[in-house]
Amino acid sequence: MAHLDQIEGIKRNVELAKFTTFQMGGPADYYYEVKDVLKIPELIEACRKDGLPYVLLGWGSNVIFSDKGFRGLIIHNLARKCELGEVVEQVGQEGENYYRKAGQLVIADSGTLLSQIIQFSLKNSLTGMEKLMGLPGTIGGAVRGNAGAFGLETKHLFEKATIYKEGEGVREVGWDYLDFDYRHSRIKDSHEIVLKVWLRLMPGDTRAGVEEVRKIIASRAGKHPSGKSAGSFFKNPSGNSIGEGLSAGYLNDQCGFKGKHIGGAFISEKHGNFLMNDGNATMLDVLELCLEIQKAVWEKFEVKLQREVALVGEHGYIEDEFAKSK
Ligand SMILES: Cc1cc2nc3c(=O)[nH]c(=O)nc-3n(C[C@H](O)[C@H](O)[C@H](O)COP(=O)(O)OP(=O)(O)OC[C@H]3O[C@@H](n4cnc5c(N)ncnc54)[C@H](O)[C@@H]3O)c2cc1C
């Protein structure tokens, strides 16, 4: 098995800021652009051999890297093959009623962008994924966080995936294994890697699909603040002491955080759950602002906000200690 330095295509000291929507990140000691998902296990094994940490990067819309960079390997997933799979028909039962669910599988490398899969599906007269148009990111990232919008979540389309786990190799897993929940799947805790995803879409009217895509794009436009962000910073709390369904943005607003700056990190005036980078943010700024909000929301509402965005320090993921504390 090769050491990292021996792998052809490995780059050294690559600045990470340009690869994420938050646009922060110093140099990675090692960096590799993957075009074939099966290269990922080889790279991870090499890291293990060399005793170095690694992080898989998709589109970079839900991750923030440290301004100090990363002392390991960033595996940038640019594997984007997308093809038609088999036609499936499932006979199921709901109560006394039998139903038939026709569909067709679309097989995508985990680095495929959601927008690319939607376009590919519509070209092949398959519908059902349109509501995810405009949601940035790869299908691998979407499976990991069960990304969703307008009531549609990745779990509603997911059929199966191949995943890789260090020491265990590559295997196929089904819907139950992922243990999907709101912005969550098992992969988030286990740090397994999604390599390929099978989605089930429905034969449908392409024209109606394209029209829906247009509406979704129009509806998203202007909703999110423009600028450098990683999307919603905290998960919306579910049931809590002050009521169901209150958004993290609302709670932050109630604690007076709109527009609050710490160093180069600030909370958007437009959206209380968007933590932004004014171009000079550091990881310390992000962590301080995050903790200040978590403490204030806890003190005022007894709600523990959990980060949705992954933070990566020089040596690996930075745990959300406040959310985990008792
Ligand atoms: C403007 C804006 C709007 C957004 N709107 C929404 C929205 O409406 N709904 C929503 O759910 N999210 C939204 N997001 C968040 C983001 O788009 C999603 O979380 C998306 O699924 C992240 O995918 P990615 O490829 O960019 O992941 P990255 O940011 O590259 O990675 C995020 C994490 O996932 C891990 N990861 C990536 N690929 C894989 C893989 N193949 N296997 C295992 N782990 C992997 C990474 O290691 C990292 O820990 C928004 C973000 C922005 C910036």
- Query: Share of Cα-Cα pairs in the stretch 228-324 beyond 18 Å, in percent?
  - Reply: 41 percent
- Note on the structure: TM-like helix rule applied to the chain (DSSP H, alpha carbon span at least 18 Å on the long axis, mean Kyte-Doolittle at least 0.0) gives 283-301
- Between residue 127 and residues 5 or more places away or on another chain, the pairs with built amide H atoms under 5 Å apart involve 202, 204
- Task: Determine the equivalent ellipsoid of the stretch 85-179 by diagonalising the alpha-carbon gyration tensor, then write out the semi-axes as square roots of 5 times the eigenvalues, largest first, rounded to whole Å.
- Result: 22, 19, 14
- Item | Accessible area per residue, Å², the chain with all protein chains present, probe 1.4 Å | 48 Å²
- Item | Qualifying lysines (Cα of each under 23 Å from Cα of residue 223; at least 8 residues distant if same chain) | 131, 215, 235, 258, 260, 270
- Query: What list of ³J(HN,Hα) couplings, whole Hz, do you get for the stretch 4-12 from phi and the Karplus terms 6.51, -1.76, 1.60, once you set θ to phi - 60° and write x for glycine and proline?
  - Reply: 4, 4, 8, 7, 5, x, 5, 10, 10
- Message: I'm a student and want to see the number: the projected area of the Cα convex hull of the chain, averaged over all directions, in nm².
- Response: 18.2 nm²
- Note on the structure: Once the mean of 1/r over all distinct C-alpha pairs in the stretch 162-321 is inverted, the Kirkwood radius in Å reads 18.4 Å
- The answer for residue 260, listing residues at least 5 apart or on another chain whose modeled amide H is closer than 5 Å to its amide H, is 267
- Task: Sort out the exposed loop GluC sites (Glu not before Pro) in the chain (DSSP loop, at most 13 other Cβ within 10 Å) and tell me the longest stretch that has none.
- Result: 9-95
- Compute, for residue 87, the solvent-accessible surface of its heavy atoms (probe 1.4 Å) with the complete set of protein chains present, and express it in square angstrom to the nearest 10. 110 Å²
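Can you give me the % of accessible surface on the chain that is carbon or sulfur? Probe 1.4 Å, all protein chains present, nothing else counted. Intermediate results must be reported in sequence, preceding the final value.
Details: 7490 of 15530 Å².
The C+S portion of the solvent-accessible surface of the chain is 48 percent.
The values are calculated or read from the model by the stated rules, or taken from the named source; none is laboratory data. Being a predicted model, the structure only gives us computed values, none of them experimental. In this analysis, Cβ positions are derived from the backbone assuming ideal geometry, glycine residues included, and neighbour counts consider all displayed protein chains. Side chains included, ligands, DNA and RNA excluded: accessible areas come from the protein's heavy atoms. Shrake-Rupley method; radii C 1.70, N 1.55, O 1.52, S 1.80 Å.
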